Amino acid sequence: MTTKAVHEGGDYIIDGAKTWISNAGLADFYTVFARVGDEPGPKGISAFVVEAGTPGLSVSQRIDVIAPHPLGALAFSRCRVPEANLLGKPGEGFKIAMSVLDVFRSTVAAAALGFARRALDEAARRALERRMFGKTLADFQLTRAKIADMATAIDAAALLTYRAAWVKDTTGGRVTREASMAKLFATEQAQQVIDQAVQIFGGAGVVSGATVEALYREIRALRIYEGASEVQKLVIAANVLDDYKPKELPLT
């Protein structure tokens, strides 16, 4: 992280740049992470709320991706924000970011779940309506096997997603393991469910503008943002291995 914030009087002066920012140019407020002081690593990161109209803040680029999503880059040039806009305490930015990821990863899982459910709806209707060789697609065993796999994956993803949300709601604490499992499984399975839906549609499934074609483009990014699937596996493994490490006995 190279964006810096310098304490000056009762304000912070932010200089630097950010990219891959959701709702860049549309949001009224931005949560900005910047280095304050010379502390290395996570300890030197602080978080600030910056209003969109603040002088020195500009949208420097629009980023077009395969599915409609407002992404862009922000530039900060002596962007002055009040000290009161600091979130938490100086140096707590990384901690804040990680706790927020617990929630965001659960919401990404929920979005993937919604995409997958729509894909199953489309595929099931198509299978029942599309006639070939004197039968409907739904009459063929291979089609039924696809539908069964899709439905099972969706229900399993739903349970992991609901668990992450429930644990957060009931404990109020960190749900790093639960959220990472939900995000990993739901997004990966949604990709497969949507791919099978396209297959059931056949040629009609790759026509631009078809619902399953749009879902096919929409789902791909969810396996990347808020931590790619590979990152989720590292997080999950670290949490699991921590459970097996020898615990220090309390002093008596």
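The values are calculated or read from the model by the stated rules, or taken from the named source; none is laboratory data. Here the structure is a predicted model, which means the values were calculated and not measured. With ideal geometry, Cβ positions are generated from the backbone for all residues, glycine too; neighbour counts draw on all protein chains shown. All accessible areas refer to the heavy atoms of the entire protein, side chains included, with ligands and DNA or RNA removed. Shrake-Rupley method; radii C 1.70, N 1.55, O 1.52, S 1.80 Å.
Below, the figures for the structure above:
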read-out: Matching option when the condition is open to solvent by less than 30 Å² (accessible area, probe 1.4 Å) and within 23 Å of the chain's Cα centre (by Cα), among Ile63, Ile21; value: Ile63
read-out: Top-ranked residue in the range 34-60 [being among the hydrophobic types (A, V, I, L, M, F, W, C) and surrounded by fewer than 19 Cβ atoms within 10 Å (Cβ to Cβ); ranked as nearest to the chain's Cα centre (by Cα)]; value: Val49
read-out: Residue among Glu178, Glu230, Glu226 that is among the acidic types (Asp, Glu), under 27 Å from Asp64 (Cα atoms) and part of a helix (DSSP H, G or I); value: Glu230
read-out: Qualifying residue in the range 163-173 (condition: hydrophobic (A, V, I, L, M, F, W, C), open to solvent by less than 10 Å² (accessible area, probe 1.4 Å) and within 15 Å of Ser106 (Cα to Cα)); value: yes
read-out: Residue, nearest to the chain's Cα centre (by Cα), within the range 234-251, restricted to residues that are free of Cβ contacts under 8 Å to residues at least 60 places away in the same chain, part of a helix (DSSP H, G or I) and surrounded by fewer than 14 Cβ atoms within 10 Å (Cβ to Cβ); value: Leu234
read-out: Verdict on Arg163 being closer than 30 Å to Lys95 by Cα and either free of Cβ contacts under 8 Å to residues at least 24 places away in the same chain or not charged (D, E, K, R) (or both); value: yes
read-out: Residue match in the range 190-212 (condition: open to solvent by 40 Å² or more (accessible area, probe 1.4 Å), under 18 Å from the mean Cα position of the chain (by Cα) and under 15 Å from Ala153 (Cα atoms)); value: yes
read-out: Among (1) in contact with a Ser or Thr (Cβ under 9 Å, 6 or more places away or on another chain); (2) surrounded by 15 or more Cβ atoms within 10 Å (Cβ to Cβ), the one test that Ala221 misses; value: (1)
read-out: Close pairs (7 angstrom Cβ cut-off, 6 or more residues apart or separate chains): under 19 Å from Ala5 (Cα atoms) in the range 51-64, open to solvent by less than 70 Å² (accessible area, probe 1.4 Å) and basic (Lys, Arg) anywhere; value: none
read-out: Output for the range 81-96, where each listed residue is assigned to a strand (DSSP E or B) and either buried (at least 17 other Cβ atoms within 10 Å of the Cβ) or touching a helix residue (DSSP H, G or I) at 6+ places or on another chain (Cβ under 9 Å) (or both); value: Val81, Leu86, Leu87
read-out: Total residues in the range 102-127, condition open to solvent by 30 Å² or more (accessible area, probe 1.4 Å) and touching a residue at least 24 places away in the same chain (Cβ under 8 Å); value: 10
read-out: Residue check, Thr176 of a type outside the set (A, V, I, L, M) and touching a Lys or Arg at 6+ places or on another chain (Cβ under 8 Å); value: no
read-out: For Ser99: the one exception among (1) in contact with a strand residue (DSSP E or B) (Cβ under 8 Å, 6 or more places away or on another chain); (2) open to solvent by less than 60 Å² (accessible area, probe 1.4 Å); (3) polar (S, T, N, Q); (4) closer than 30 Å to Tyr162 by Cβ; value: (1)
